[in-house]
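Contents: one structure, followed by commentary.
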Amino acid sequence: MSKQAGVKVQDHYSSDDIATRILAALRSAQGDDAGPVTPEVLAPLDHFHGRGVKATHEMVAHLRPEPGDRLLDLGGGIGGPARWIAARFGCHVTSLDLTPEFCRAAEELNAATGLSDCVGVVEGSATDLPFSEAAFDRVYSQNVAMNIEYKRRFYAEVFCVLRPGGVFAFSQYGAGPCGEPHYPLPWAAGPATSFLSSTEETRADVTAAGFDLVKFLDRTQEILPDLRENRRRLQEQGLPPLGLQTLMGEGIRDLQINVVRSAEEGRLTIIEALVRKPA
Ligand SMILES: C[S@@+](CC[C@H](N)C(=O)[O-])C[C@H]1O[C@@H](n2cnc3c(N)ncnc32)[C@H](O)[C@@H]1O
């Protein structure tokens with residue numbers, strides 16, 4: 001049972017004309033210097049997780065994609081990380097997401113960057129994957145599990161669609177020891193659609209699915225200085241000219257500040273892991 005009947009995860013994310021707004025924001029920032037629309041120039045607008053493209057760099061350092069790999073991005077949002085990885089590493093990436101408007105935006109931005117052939121978009125749920133067994137070499141998921149209530153089903157689905165020996169990299173906020181986080185947060189307006197597991201629960205969930213742990217890190221203390229610096233900039237300078245406000249509205253400022261406050265107070269942790277399906 002959901003915590004609050006009728007509240008849907010995707011209601012927090014959906015809005016109209018996302019790709020149009022993003023491309024207009026980019027054009028307006030670039031002015032007369034407008035060049036091609038690339039995953040690099042879109043990065044401040046389409047990597048929807050704390051610390052933006054820097055966090056994607058770090059996740060890819062764990063995942064180590066290779067040319068020709070078949071990758072799956074679970075909860076791929078509007079496709080920023082998928083385009084960035086496909087263009088940089090020569091992989092095919094399938095981005096699956098629950099929010100229909102995010103999927104449409106991902107398709108439009110794939111077309112705008114000329115990447116429609118190497119980035120696929122599938123609307124669906126990470127707990128009910130429409131792919132055959134062993135369909136992917138690598139799977140990743142950035143800041144999505146907080147929206148997933150049935151986490152054992154999620155990890156079991158990932159295990160099924162990975163080939164033997166394939167790896168799964170993920171990052172997520174987890175439950176801290178000091179109580180509920182401060183809402184609203186970037187992934188949920190309130191607790192009805194936020195499902196946080198402790199570090200120990202996450203470790204037990206992935207192990208129960210059959211994965212071997214390669215890396216399992218609580219990076220909260222390491223990442224807090226970056227989060228604090230982001231808060232300082234938001235408080236002193238306001239939102240950056242190009243940022244996630246185009247996707248989520250200007251309220252994103254307060255949502256990001258709530259993340260920092262919650263992490264500082266021990267109400268959120270930051271978990272990153274690389275796990276492997278035994279060969
Ligand atoms: C914070 S955003 C992160 C988007 C993307 N991973 C990124 O880093 O840019 C969370 C995303 O998870 C998606 N999501 C939430 N629950 C999901 C589920 N059960 N299956 C697939 N996607 C889901 C949301 O629609 C949203 O796009």
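Numbers for the structure displayed
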{"read-out": "Residue check, GLN30 in contact (Cβ under 8 Å) with a residue 40 or more places away in the chain and surrounded by fewer than 18 Cβ atoms within 10 Å (Cβ to Cβ)", "value": "no"}
{"read-out": "Residue count for the stretch 209-264, restricted to those that are farther than 21 Å from TYR140 by Cβ and among the aromatic types (Phe, Trp, Tyr)", "value": "0"}
{"read-out": "Test result for PHE136, more than 11 Å from the ligand (Cβ to nearest atom), under 19 Å from SER171 (Cβ atoms) and in contact with a Pro (Cβ under 9 Å, 6 or more places away or on another chain)", "value": "no"}
{"read-out": "Residue pairs meeting the criteria (Cβ under 8 Å; at least 6 apart or on separate chains; first of a type in the set (A, V, I, L, M, F, W, C) and surrounded by fewer than 16 Cβ atoms within 10 Å (Cβ to Cβ), in the stretch 188-206; second part of a helix (DSSP H, G or I) and modelled with pLDDT of 95 or more)", "value": "ALA189/HIS12"}
{"read-out": "One residue from ALA145, ALA175, ALA135, ALA169 being within 17 Å of GLU265 (Cβ to Cβ) and either at pLDDT 95 or above or touching a strand residue (DSSP E or B) at 6+ places or on another chain (Cβ under 8 Å) (or both)", "value": "ALA175"}
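Conditions tested, residue by residue: (1) acidic (Asp, Glu); (2) under 30 Å from ARG219 (Cα atoms).
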site	(1), (2)
LYS8	no, yes
ASP17	yes, no
LEU26	no, no
ALA34	no, no
VAL53	no, yes
GLY76	no, yes
GLY80	no, yes
ILE85	no, yes
GLY90	no, yes
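Conditions (1) within 9 Å of the ligand (Cβ to nearest atom); (2) surrounded by fewer than 17 Cβ atoms within 10 Å (Cβ to Cβ), marked per residue:
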{"site": "GLU66", "(1), (2)": "no, yes"}
{"site": "ASP73", "(1), (2)": "yes, no"}
{"site": "TRP84", "(1), (2)": "no, no"}
{"site": "ALA111", "(1), (2)": "no, yes"}
{"site": "ASP117", "(1), (2)": "no, yes"}
{"site": "GLY120", "(1), (2)": "no, no"}
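The values are calculated or read from the model by the stated rules, or taken from the named source; none is laboratory data. For clarity, every value in this text was computed on a predicted model and none was experimentally measured. Reconstructed Cβ throughout: ideal geometry from the backbone, glycine too, with neighbour counts over all protein chains shown.
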